[in-house]
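Only one structure is covered here, and it is reproduced in the block below.
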Amino acid sequence: MAIYKFPENFTWGAATSGPQTEGWSDKSSFSIYEHWFQTEPEKFHNGVGPAVNCDTYRKYKEDVKLMKEIGLTSFRTSIQWTRLIKNFDTCEVDPVAVEFYNNYINEIIDAGIEPYINLFHFDMPIELQNRGGWESKEVVDLYVKYASKCFELFGDRVKKWCTFNEPIVPAEGGYLYKFMYPNISDFKRAIQVGYNTIVAHAKAVESFRKLKTGGEITIVLNLTPSYPRSEDKKDLEASRIADGIFNRSFLDPVVHGNFPEDVVELLKNNDLLPEYTEEELEVIKNNPIDFLGVNYYQPRRVKAKETEVDPNAPIMPETFFDYYDMPGKRMNPYRGWEIAPQVMYDVAINIRDNYNNIPWYISENGMGVEGEERFRDENGVINDDYRIDFVKEHLTHLHKGIEEGSNCFGYHLWTFIDCWSWANSFKNRYGFVSLDLETGKRTIKKSGRWIREVSETNQFEY
Ligand code: BG6
């Protein structure tokens, strides 16, 4: 047993998003997910959609009370573009939505919790998707208008802003691997989507700084560190390419202000470069983030290609590497994701050594488990010891990275309360607090009691 003590002012929190918790009461319009659910409900686990979710829209006071009770010192959620804005072109706001977000943010602050407010969590308005979504530069500019409106409305109190959650996901889910609307598979278009998102991010950062409302701004990236099958040159090369496509292509522009040369070269050689202007590259160069949010769930294991690439097949990231199914890897069987806590250390050291040791935090990490009801005891509490162990394990490796100088200032679990998980709906539960879908009743899990202790003492034993 050892004691893991964290730096003073380390923040203990949780993350969620508007579309996954609020429910759609009183919304001005729908996002791609709400539209997709209405048109193809069978694509969602048990046909359960985002209509009610946790009903945070009506129950935010109760939720904030629970956040306080479990000792959270910070909390991330997102504003929904489709709730706040009535007219995307003029950026006219819905006063009912402004009131809701004001009340919600004030409630969080009054509870002594620092709000981290994100502006986009996969929820492209369907109207704007129909006008090109992230492929359209016009939509990029409308996003910047919306972001600026948020800074103006809430920037007097919100001091931690986030432009995007996992900007690579709409590109890969919507335009490559078909797990997100509009379910297209076209690498070149996916690259345009990813690139335009980075432009939107940088322009929003620029506007944030011009408005001088104070505070700091970030982007949340889901890093999937690449590991080669072996130290063989070809495996190492495969790993470098995967890392370039999935991690550095976002990390480098937001921290260093430029795109990695090897990735640009690869895109150029394969006729995949997006449409860009010199002016856009300038905005990216001049607007690095203040701090970084890292969602870490799993690594990416790769090897050199073992099969000939069919020259007639459409080009995909996997044209350049194969996935490696590492024998003996630990898995979360419910989500199908590898569990590799030691990677936390590598993330920390990578940021220290290759990204200016920028201040950063774990903006998401967590474990989705199906059928948690079986762990509910006679007092109604879910005994999620596996989640406590999961978090402890990850934190010990993070702790080592911090001890060795990495500038990490916080940890957010995904998520505060069991919430709607896109196509997986409510299948896997992630929260410190459980949600009874039938009654809406909230109950703190054992992990919620545990995190309170950790937050109060800033340490734990393992
Ligand atoms: C993150 C997202 O990638 O993972 C969340 O930011 C998501 O929105 C979470 O819910 C867990 O993944 P999933 O697919 O199990 O909900």
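Below, the figures for the structure above:
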item	result
Unmet requirement for Met367, which otherwise passes all of (1) within 16 Å of the ligand (Cβ to nearest atom); (2) in contact with a Phe, Trp or Tyr (Cβ under 7 Å, 6 or more places away or on another chain); (3) in a strand (DSSP E or B)	(3)
Lone unmet requirement of (1) without any contact (Cβ under 8 Å) to a residue 40 or more places away in the chain; (2) out of contact with any helix residue (DSSP H, G or I) (no Cβ under 8 Å at 6 or more places or on another chain); (3) buried (at least 22 other Cβ atoms within 10 Å of the Cβ) for Ala190	(2)
Members of segment 169-186 found to be hydrophobic (A, V, I, L, M, F, W, C) and closer than 20 Å to Arg131 by Cα, listed by number	Val169, Ala171, Leu176, Met180, Ile184
Unique residue being under 19 Å from Ile32 (Cβ atoms), small (Gly, Ala, Ser) and crowded, with 20+ Cβ neighbours inside 10 Å when the list is Ser78, Ser136	Ser78
So Trp24, is it among the aromatic types (Phe, Trp, Tyr), closer than 24 Å to Leu435 by Cα and part of a loop (DSSP other than H, G, I, E, B)	yes
Filter result for the condition that a residue is over 23 Å from Asn287 (Cβ atoms) and charged (D, E, K, R), over Glu138, Glu172, Glu166, Glu152	Glu172
Enumerated helices (runs of 4 or more DSSP H) restricted to segment 98-188, each holding at least 2 residues that are over 21 Å from the mean Cα position of the chain (by Cα) and either within 16 Å of the ligand (Cβ to nearest atom) or within 25 Å of Phe291 (Cα to Cα) (or both)	137-154
Some residue of segment 60-73 being buried (at least 21 other Cβ atoms within 10 Å of the Cβ), farther than 30 Å from Gln459 by Cα and in contact (Cβ under 8 Å) with a residue 40 or more places away in the chain	no
Positions within segment 378-433 being among the β-branched types (Val, Ile, Thr) and over 25 Å from Phe179 (Cα atoms), in sequence order	Val381, Ile382, Ile388, Val391, Thr396, Ile402, Val433
Residues that are buried (at least 20 other Cβ atoms within 10 Å of the Cβ) and more than 16 Å from the ligand (Cβ to nearest atom), drawn from segment 370-383	Ile382
All positions within segment 441-462 that are touching a helix residue (DSSP H, G or I) at 6+ places or on another chain (Cβ under 7 Å) and among the small types (Gly, Ala, Ser)	Ser447
Restricting segment 157-179 to residues that are among the basic types (Lys, Arg) and touching a residue at least 40 places away in the same chain (Cβ under 8 Å), the residue that is surrounded by the most Cβ atoms within 10 Å (Cβ to Cβ)	Lys160
Subset of segment 303-336 [in contact with a strand residue (DSSP E or B) (Cβ under 6 Å, 6 or more places away or on another chain), of a type in the set (A, V, I, L, M, F, W, C) and under 15 Å from Leu236 (Cβ atoms)]	Phe321
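Every number here is computed from the coordinates shown, using simple stated rules; none is lab data. Please read these numbers as outputs of a predicted model, since none were measured by experiment. Please note: Cβ atoms are built from the backbone with ideal geometry, for glycine as well, and neighbour counts cover all protein chains shown.
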